[in-house]
1. Only helical DSSP H runs with n ≥ 4 go in: add -39500 (n - 2.57) per run for the chain, normalise by residue count and round the 222 nm mean residue ellipticity to 500 deg cm²/dmol.
2. Over the chain, what number does the Rg to Rh ratio reach, with both radii from the alpha-carbon atoms and Rh per Kirkwood?
3. What residues from the stretch 1-40 fall in the zone where the backbone N is under 15 Å from a label point 7 Å along the Cα-to-C-beta line of residue 187?
4. Can you give the log10 of the normalised intensity I(q)/I(0) at q = 0.13 Å⁻¹, computed with Debye over equal Cα scatterers of the stretch 1-64?
5. Go ahead and collect, in residue order, the members of the stretch 166-203 whose backbone nitrogen is under 15 Å from a label point 7 Å along the Cα-Cβ direction of residue 156.
């Protein structure tokens, strides 16, 4: 696979719109890959890193700033979607429940959704929200690729142990749920994650006429 060519396509991604709920999402078309994770997991940073754009998805030192379903248009067939973060947002409980409701509707009813990148802090994986998302994916047989983010903050041994522990726990769920180490800071695992994106989008290297 020519990852340079695929990455060049990802660099074309641009913000399309923010939707508060399913009915305000763009029309069903092509393939969407969504990013989910706790508010402090590094979800938006991971999306930016994979798209090789520093400010595509909004990031903040204040967890929980992603409060809407944000769509990023790559081409007529591909979109990336940044889902509301879950966890530490300093907002009223009722608003949190609204986020969860609308995110759940998107995940369950969005027919062009091809897979979910679930971002977890590699130092604290498989928290309550992560397990909830995996249970949902298992029920719907949705592909999930786990990014164990911020692995640069761990030494090599503990990082490998974290990955091994997560892979051991998800193994009974089936081959459609996978995991890897990832760091937006030192770019660990970026190519591996892009290969998953390319596969889910159905990307094929362009044919060069000789």
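Bear in mind that the values in this text are calculations on the coordinates, not laboratory data. Predicted model only: the values in this text are computed from it and were never measured. All Cβ positions, glycine included, derive from the backbone under ideal geometry; neighbour counts span all protein chains shown.
1. Estimated from H runs of four or more residues: -11000 deg cm²/dmol.
2. Dividing the radius of gyration by the Kirkwood radius yields 0.95.
3. 3-8, 11
4. With no solvent term, the Cα-only Debye profile gives -0.44.
5. Correct set: 188-189.
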